[in-house]
1. Please list 103-112, 82-91, 201-210, 46-55 highest first by mean number of surrounding beta-carbon atoms within 10 Å per residue.
2. Taking each pair of distinct Cα atoms in the stretch 149-189 once, what is the resulting Kirkwood hydrodynamic radius in Å?
3. Nearest 20 debye, what's the magnitude of the dipole of the chain about its Cα centre given +1 on Lys and Arg Cβ and -1 on Asp and Glu Cβ?
4. List the extent of the Cα atoms of the stretch 18-110 along each of their three principal axes, largest first, rounded to whole Å.
5. Charges on Cβ only, +1 for Lys and Arg, -1 for Asp and Glu, centred on the Cα centroid of the stretch 167-254; of I188, P204, Q227, which one is farthest towards the dipole's positive end?
6. So for the stretch 45-86, considering every pair of alpha-carbon atoms, how many percent are separated by more than 11 Å?
7. Starting from 0.36 nm per residue, how many nanometres of slack lie between S234 and N38 once their C-alpha separation is accounted for?
8. Counting DSSP beta bridges with both partners in the chain, what percentage is antiparallel, nearest 5?
Amino acid sequence: MNIQGQAALVTGGGSGLGEATARELARLGAKVAVLDLNSENAQRVAKDIGGVAVSCNVSDPDSMAKAIEIAAAAHGTARILMQIAGIGTAKRVVGKDGNAAPLEDFMKVVNVNLVGTYNAARLFAAAAAKLDPLEDGERGVMVWTASVAAFDGQVGQQAYSASKAGVAGMTLPMARDLAQHGIRVCTIAPGLFATPLMKTLPEPVQASLAASIPFPSRLGKPEEFAQLASHIVSNTHLNGEVIRLDGALRMPPR
């Protein structure tokens, strides 16, 4: 798909990997809707790139449907979905006090990361399926965000790893399901990236994490994630695949 002139939705587009992706798509000529729970961040990015900002909770059916509707009114029905919104947490199953971890903490992470991804995907796909096909019969493409934690999660990452493994596991069946509509689905599983959340850690901790990456021994740049996400859109034969973007990192137990 030629990105130039296409309408795109970027969830989590107000910061980090989402912001970098929104900026890259705009640079390549897409009409970008920046969807984020933090409306202030969404407005900041949208203003910079000439896009539209939409406050959105991906795990809420009404909120996501309304966001897609607002974006479509501004740019037309989207052919590109970058599903990047997500949350993370670490909590041991049995705490230091001997009590079991609260079930609601696990459910919240799975609801945002996994259910939220499915919610955004189903609503995007229903709209894109009604569009006229492009070259190769393509109508749309979506790129989801998993994590290396889906494959080698660390101690305390049960909820996060399970949610991201669910996203990875949903990629192929969703791609097969939507093949009849000409809609592709791929997932990126990033490793350690220099996001705003990462930058809240002390410098020595960041340096130690960077040193654990075989090559290049540095944190990933959000722009590198954005470049891969955009390439997936452009390369029509990429479909049903989960791609690790991690510098050959394999996470240790802790």
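Each value in this text was obtained by applying a stated rule to the coordinates, not by laboratory testing. What you see is a predicted model; the values in this text were computed from it and never measured. Glycine gets a Cβ as well: all are built from the backbone with ideal geometry, and neighbour counts include every protein chain shown.
1. Working: 103-112: 15.2, 82-91: 21.7, 201-210: 12.1, 46-55: 18.9.
The packing order, highest mean first, is 82-91, 46-55, 103-112, 201-210.
2. Details: mean 1/r = 0.0904 Å⁻¹.
One over the average 1/r among Cα pairs gives 11.1 Å for the stretch 149-189.
3. On the way: 23 positive and 22 negative charges, 65 e Å.
That gives the chain a dipole magnitude of about 320 debye.
4. Projected onto its principal axes, the Cα set of the stretch 18-110 covers 54, 26, 23 Å.
5. P204
6. Numbers: 594 of 861 pairs.
Of the Cα pairs, 69 percent sit more than 11 Å apart.
7. 67.7 nm
8. On the way: 1 of 29 bridges.
Beta bridges within the chain, antiparallel portion: roughly 5 percent.
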